[in-house]
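We did not get these values from a lab; they are worked out from the coordinates using the rules stated. All values derive from a computational prediction rather than experimental measurement. Virtual Cβ from ideal backbone geometry, glycine too; neighbours counted across all protein chains shown.
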Amino acid sequence: MKKDTPVRRAVLAYSGGLDTSIIVHWLKSRYGCEVVCYCSNLGQGGDELDGLAERARRLGADDVIVEDLRMTFARDFCFPALRAGAVYEGNYLLGTALARPLIAARQVACAIERQADAVAHGCTGKGNDQVRFELTYMALAPHLTVIAPWRDPAWTIVSREDALAYASAHDLPVQQTQGNLYSRDANLWHLSHEGGPLEDPMAAPEEAMFHLTASSERQPAQPETVTIGFEAGRPISIDGRELDPVTLVAELNTRAGRHGVGRADLVESRLVGMKSRGVYETPAGSVLHEALEDLAKLVLPHDLHRTRAELALKMADLIYAGQWFSPLRRALQAFVDNTMQVATGSVTVELFHGRCSAVARTSPMSLYRPGLASFNMSGYDASHAEGFIRLFGLPLATANQRGVPNGVPTNGAPASGAATNGAASNATGSNGSAFAVKQAVKPEVTHAG
């Protein structure tokens with residue numbers, strides 16, 4: 001924002017973390033404005049929400065709003081991404097990327113309701129979250145002034161140590177200490193870990209770092225199975241018990257987590273152009289993804305399954321880049337939701353030693369027909385395959401007869417290229433079939449030592 005832009009009331013996306021804690025004081029000092037702290041419960045658990053409103057007021061907040069968004073987060077953000085099969089760069093199930101647009105959207109609603117003229121966030125100028133927050137602001141309320149302290153020339157803090165020193169100098173009550181090595185983001189869907197020792201990609205994660213998933217020594221000695229029920233691609237039950245989205249995800253986090261399921265150690269491509277490392281724990285998300293992808297194979301025809309898989313990459317990129325409210329993301333979601341109308345059924349997943357594997361599946365919309373898939377040929381006319389093979393192979397045969405008039409070799413070799421008795425090796429260059437055979441079956445040359 002411009003330095004001389006007046007601000008009367010700002011709504012800050014407040015998490016209770018170190019950065020947003022000192023930003024409350026900084027905003028009041030910098031702009032002389034009222035500060036409303038907006039907080040959301042996304043299922044982060046632990047002690048993050050305990051006394052959050054009281055701490056914000058002790059930091060100088062004029063008002064504090066705390067909303068429980070767990071149901072909205074699971075139902076309207078996590079599950080749509082799940083239906084789309086969206087996984088960023090093969091490993092990341094987008095826990096933080098899904099949360100930010102929801103937080104920012106509710107922050108905007110709060111700003112409009114409280115007649116604020118600015119919204120603020122504590123994202124650094126290096127990360128993805130600044131983009132995710134501000135694209136949402138632009139999509140929903142472009143008239144609001146955006147305050148990003150980490151990009152303000154008046155902000156002199158450049159490290160965690162600086163932030164702690166600022167808090168100490170202004171006698172601000174913060175919970176963080178120098179001993180906290182990691183930057184974490186927790187919600188119902190996942191727990192992420194960044195910074196500290198993880199900034200060295202050669203350093204293996206310390207076992208003590210993990211909170212949601214058990215180490216190999218603490219995992220059960222026997223596998224466990226869990227059956228997930230789906231309706232139109234939406235998870236609705238565990239082992240036949242219908243559950244609301246929040247309860248379902250929470251139970252799967254516990255059951256899969258004790259088997260160490262859901263860990264991902266990823267060097268990823270940040271939106272802002274650099275590589276970064278994150279370690280993620282997503283127990284429930286990993287099980288649900290495994291189950292729904294397995295069900296999709298059972299109920300979707302090949303072309304639709306393939307198209308959904310191709311679009312899943314684009315959907316993951318859009319979500320990662322903070323484009324949740326973009327017309328393209330909405331259009332792709334409409335395609336996905338229509339596609340997955342047939343994804344009703346159940347999948348049994350085995351949990352064991354850090355992995356989850358689908359082992360059984362059923363659906364009233366299944367495309368699997370035992371009579372067709374069986375090795376028993378009864379009732380199946382195999383002669384139909386001959387015409388199919390001829391037509392299916394026609395482009396292949398045509399391509400391999402390039403340069404041969406009418407596809408007929410000049411030396412009388414079979415047009416199919418099935419040369420025998422050395423014909424392939426003796427044919428001239430005008431014989432397209434023989435040339436193709438020679439190219440396809442070149443012998444490997446080995447040299448004796």
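Which pairs have Cβ atoms under 8 Å, sit 6 or more apart or on different chains, and link a residue in region 40-54 that is touching a residue at least 60 places away in the same chain (Cβ under 8 Å) and part of a strand (DSSP E or B) to one that is of a type outside the set (Lys, Arg) and buried (at least 18 other Cβ atoms within 10 Å of the Cβ)?
Sorted first by the residue in region 40-54, then by its partner, the pairs are SER40/LEU69; SER40/LEU102; SER40/ILE103.
Of all residues in region 291-324, how many are under 25 Å from PRO364 (Cα atoms) and surrounded by 21 or more Cβ atoms within 10 Å (Cβ to Cβ)?
Here the count works out to 6.
List the strands (runs of 3 or more DSSP E) inside region 226-322, counting only whole elements, that have at least 1 residues being closer than 19 Å to ALA74 by Cα and touching a residue at least 40 places away in the same chain (Cβ under 8 Å).
Answer list for region 226-322: 234-238, 275-281.
Of the residues ALA86, ALA118, ALA74, ALA97, which is touching a Ser or Thr at 6+ places or on another chain (Cβ under 6 Å) and touching a residue at least 60 places away in the same chain (Cβ under 8 Å)?
On the way: ALA86 fails: touching a Ser or Thr at 6+ places or on another chain (Cβ under 6 Å); ALA74 fails: touching a Ser or Thr at 6+ places or on another chain (Cβ under 6 Å); ALA97 fails: touching a Ser or Thr at 6+ places or on another chain (Cβ under 6 Å).
The match here is ALA118.
Hey, any hits in region 142-159 for a residue that's in contact with a Leu (Cβ under 8 Å, 6 or more places away or on another chain), more than 18 Å from THR96 (Cβ to Cβ), assigned to a helix (DSSP H, G or I) and not polar (S, T, N, Q)? So that I can check it myself, show each step before the final result.
As a first pass, look at region 142-159 and keep what is in contact with a Leu (Cβ under 8 Å, 6 or more places away or on another chain): 147, 149.
Keeping just the survivors that are more than 18 Å from THR96 (Cβ to Cβ) gives 147, 149.
From the residues that got through so far, the ones that are assigned to a helix (DSSP H, G or I) too are 149.
Keeping just the survivors that are not polar (S, T, N, Q) gives 149.
Looking through region 142-159, at least one residue is in contact with a Leu (Cβ under 8 Å, 6 or more places away or on another chain), more than 18 Å from THR96 (Cβ to Cβ), assigned to a helix (DSSP H, G or I) and not polar (S, T, N, Q).
It is to be established whether one or more residues within region 331-342 are under 30 Å from GLY195 (Cβ atoms), part of a helix (DSSP H, G or I), out of contact with any Cys (no Cβ under 7 Å at 6 or more places or on another chain) and not hydroxyl-bearing (Ser, Thr, Tyr). Even if it seems obvious, please write down each step before you answer.
Let us first name the residues in region 331-342 that are under 30 Å from GLY195 (Cβ atoms), namely none.
No - not one qualifying residue is present in region 331-342.
For region 192-222, what are the residues that are of a type in the set (A, V, I, L, M, F, W, C) and either over 16 Å from ALA264 (Cβ atoms) or in a loop (DSSP other than H, G, I, E, B) (or both)? Step through it out loud before you land on a result.
Applying the first criterion (of a type in the set (A, V, I, L, M, F, W, C)) to region 192-222 yields 198, 202-204, 208-210, 212, 214, 221.
Of everything in region 192-222, those that are of a type in the set (A, V, I, L, M, F, W, C) and either over 16 Å from ALA264 (Cβ atoms) or in a loop (DSSP other than H, G, I, E, B) (or both) turn out to be MET202, ALA203, ALA204, ALA208, PHE210, LEU212, ALA214, ALA221.
Applying the selection to region 59-92, what residues are in contact with a Gly (Cβ under 8 Å, 6 or more places away or on another chain), in a strand (DSSP E or B) and of a type in the set (A, V, I, L, M, F, W, C)?
Within region 59-92, none qualify.
To keep it simple, each residue is scored yes or no on (1) out of contact with any strand residue (DSSP E or B) (no Cβ under 9 Å at 6 or more places or on another chain); (2) farther than 28 Å from ALA331 by Cβ; (3) of a type in the set (Asp, Glu).
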| residue | (1), (2), (3) |
| --- | --- |
| ALA208 | yes, yes, no |
| LYS275 | no, yes, no |
| GLU293 | no, no, yes |
| LEU311 | yes, no, no |
